[in-house]
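Chemist: The structure's right below; bear with me while I get my questions together.
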Amino acid sequence: MRLTQLPLLPSAGPRVRPSALAVLDERLRGTRFVSLAARSLLNSPQQTGVDFWSLNPYVGCEFGCTYCYARYAHRYVVERAHDAGRLSVAEFRDFRGPHGWEAFERRIFVKDGVLDALERDLQRYFRSAGPGVSPTAAIVIGTATDPYQPGERRFRVTRRILERLARCEGLNIGIITKSPLVARDIDVLRRIAERSDLEVHVSLTTVDVGIIRRLEARSPMPAARLRALRRLTAAGITAGLIVAPVLPGITDDVPHLEALFQAAREAGARFVHAGPLRLYAAVRDRFLPVLDAHFPHLSERYRRAYARASGAPRLYAAALDRRVRRLQRRFGFPENEGMRDRYTRRLPPAQGTLGL
Ligand code: SF4
């Protein structure tokens, strides 16, 4: 099979070139993996508007969480390719999906040429703080895809990136994942931790399997994620739980959260972070029909609460923050420092009361 790649840069003209995509693999469950030439891998704070550098080995995510905000990144890549004349009308339709969200879960871009791109980006990263000064900004892996989604078992893009980062000194690296596959790379993670600060954030919204299966199409079971967390901490890796998003009226009650904190403590977690749902425009089309189907009593309340903004109402966010802090104190974890606060020095939201 002849492999061609989907370049990120626009072509000279709008003419469509047929079959511009290299299909690397297709799964019976309907997922297709295609190659994407990576000219750059690290997104700088100037590019993203946050204080850390982000790195995503894939575009799209087969886990297909209904609340996932990263759909915009997939749409962006597809629309750029289309505007550059790299996708035919049929391919464009296929790479968007009938409702604009399916392709994020079923058409996964696998970044190619990552080591060359990373080499160039690391030079840019080390120059960013100024001559002779080491950069302190964190590099967070997995902000818009899961770096250990099923495709990683075969493509090993994340592992190759980590192998390269293990040769650097003095980095500050965060990894976010829902997948127990992260434990495969304990050897590399230990090497990174010898020379740099490293934290692994295992993402889990609830230990209730029934809720997980309704909200996360193909994510690993909670017990598998907790076992991976235990393996990481037993290997001396700094790791903990990230409980995000907390879903109002579904996973925000004390028994749900207590069960997560208890499980985290038993798995040797060093921290538990939590934050409420953000309902961006790109998320609504995927999430709200699922909410209507499985939690119809909440439909109206969600639509009212998130009518004007994507963030949770300030009073709700503040009440949740207090609840989480109480649990953090009770279970002996450091007090709330969400992912954003951990890596961006930003402040938590203002105070108020719980309830949408
Ligand atoms: S695992 Fe993360 S990136 Fe993947 S769909 Fe779920 S929330 Fe999105």
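The values are calculated or read from the model by the stated rules, or taken from the named source; none is laboratory data. Treat the numbers as computed from the prediction; the structure is a model and nothing was measured. Every residue, glycine among them, receives a Cβ derived from its backbone with ideal geometry; neighbour counts consider all protein chains shown.
Chemist: Quick one: is Thr158 within 18 Å of the chain's Cα centre (by Cα), within 15 Å of the ligand (Cβ to nearest atom) and assigned to a loop (DSSP other than H, G, I, E, B)?
Modeler: It is false that Thr158 is within 18 Å of the chain's Cα centre (by Cα), within 15 Å of the ligand (Cβ to nearest atom) and assigned to a loop (DSSP other than H, G, I, E, B).
Chemist: Those residues that are more than 19 Å from Asp146 (Cα to Cα) and touching a residue at least 24 places away in the same chain (Cβ under 8 Å), I need them from the stretch 62-94; list them, please.
Modeler: Correct list: Arg80, Ala81, Asp83, Ala84, Gly85, Arg86, Leu87, Ser88, Val89, Glu91.
Chemist: Same structure again: Sort out which residues of the stretch 44-101 are within 16 Å of the ligand (Cβ to nearest atom), in a helix (DSSP H, G or I) and not polar (S, T, N, Q), and write them in order of number.
Modeler: Arg71, Tyr72, Ala73, His74, Arg75, Tyr76, Val77
Chemist: Evaluate the following for Arg153: is it on the phi < 0 side of the Ramachandran plot, away from the ligand (no atom under 16 Å from the Cβ) and out of contact with any Phe, Trp or Tyr (no Cβ under 6 Å at 6 or more places or on another chain)?
Modeler: So Arg153 does not fit the description; no.
Chemist: Report the residue count in the stretch 184-200 for those that are buried (at least 21 other Cβ atoms within 10 Å of the Cβ) and either within 13 Å of the ligand (Cβ to nearest atom) or of a type in the set (Gly, Ala, Ser) (or both).
Modeler: 0
Chemist: Looking only at the stretch 105-121, filter to residues that are over 23 Å from Phe52 (Cβ atoms) and within 16 Å of the ligand (Cβ to nearest atom); which one of those is surrounded by the fewest Cβ atoms within 10 Å (Cβ to Cβ)?
Modeler: Arg106
Chemist: Return the only residue of Arg218, Arg124 being within 16 Å of the ligand (Cβ to nearest atom), surrounded by fewer than 18 Cβ atoms within 10 Å (Cβ to Cβ) and in contact (Cβ under 8 Å) with a residue 60 or more places away in the chain.
Modeler: That would be Arg218, the only listed residue that is within 16 Å of the ligand (Cβ to nearest atom), surrounded by fewer than 18 Cβ atoms within 10 Å (Cβ to Cβ) and in contact (Cβ under 8 Å) with a residue 60 or more places away in the chain.
Chemist: Could you check the stretch 25-41 and list, in sequence order, the residues that are surrounded by 19 or more Cβ atoms within 10 Å (Cβ to Cβ) and either within 16 Å of the ligand (Cβ to nearest atom) or in a strand (DSSP E or B) (or both)?
Modeler: Of everything in the stretch 25-41, those that are surrounded by 19 or more Cβ atoms within 10 Å (Cβ to Cβ) and either within 16 Å of the ligand (Cβ to nearest atom) or in a strand (DSSP E or B) (or both) turn out to be Thr31, Phe33, Val34, Ser35, Leu36.
Chemist: On to the next question. Do the conditions hold for Thr136, that is, is it surrounded by fewer than 19 Cβ atoms within 10 Å (Cβ to Cβ) and in a loop (DSSP other than H, G, I, E, B)?
Modeler: Yes.
Chemist: Could you list, in sequence order, the residues of the stretch 240-261 that are part of a helix (DSSP H, G or I) and either surrounded by fewer than 17 Cβ atoms within 10 Å (Cβ to Cβ) or in contact with a Pro (Cβ under 6 Å, 6 or more places away or on another chain) (or both)?
Modeler: Once the filter is applied, which keeps residues that are part of a helix (DSSP H, G or I) and either surrounded by fewer than 17 Cβ atoms within 10 Å (Cβ to Cβ) or in contact with a Pro (Cβ under 6 Å, 6 or more places away or on another chain) (or both), the stretch 240-261 yields Val254, Pro255, Glu258, Ala259.
Chemist: Restricting to the stretch 59-107, what's the tally of residues that are among the charged types (D, E, K, R) and under 13 Å from Leu36 (Cβ atoms)?
Modeler: Qualifying residue count for the region: 3.
Chemist: Six or more apart or on different chains, Cβ atoms under 9 Å: show the pairs whose first residue is in the stretch 249-261 and at positive phi and whose second is at pLDDT 95 or above and among the charged types (D, E, K, R).
Modeler: Sorted first by the residue in the stretch 249-261, then by its partner, the pairs are Gly249/Arg301.
Chemist: For the stretch 262-313, which positions are basic (Lys, Arg), closer than 25 Å to Ile176 by Cα and assigned to a helix (DSSP H, G or I)?
Modeler: Arg265, Arg284, Arg286
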